[in-house]
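Some notes on the structure that comes next.
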Amino acid sequence: MKRAASFSLALLLLFAAPIYCADILITDHGAVGNDNGDDLSAFVSAINAATSGDVVRVPDGTFLISNTIEIHKSDISLIGNNR
């Protein structure tokens with residue numbers, strides 16, 4: 001009986017625990033808005049740092065991306081601020 005109670009408690013904690021999602025700012029990875037510099041590597045770095053459920057955030061500004069970015073991950077979001 002004690003083993004069943006421990007197992008039930010473990011399941012309860014597993015499903016009751018909040019899911020942590022990180023906010024990843026592209027500026028923390030080197031992107032600088034409005035500077036005419038290429039921000040491609042900062043975008044790629046921020047996306048690569050993201051794991052399932054994370055949000056990659058793009059602040060206000062103009063960012064230069066010199067090439068296509070392919071995202072081969074699922075369950076991440078890329079969100080820009082509203083102007």
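Since every read-out is calculated from the coordinates, none of them should be taken as a lab result. Owing to the predicted nature of the structure, the values given are computational and were not obtained by experimental measurement. Ideal geometry is used to build each Cβ from the backbone, glycine not excepted, and the neighbour counts take in all protein chains shown.
Order 69-76, 30-37 from most to least packed using the mean count of other Cβ atoms within 10 Å. Kindly include the intermediate steps, with their values, before the conclusion.
Values: 69-76: 10.2, 30-37: 13.6.
So the peptides 69-76, 30-37, ranked by packing, come out 30-37, 69-76.
Show the residues, 5+ positions off or on another chain, whose built amide H is closer than 5 Å to the amide H of L78.
So L78 has HN proximity to V56.
What are the chymotrypsin sites (Phe, Trp or Tyr not before Pro) within the stretch 17-83 that DSSP puts in a loop, where the Cβ has at most 16 other Cβ atoms within 10 Å?
Loop-located and lightly packed - Y20.
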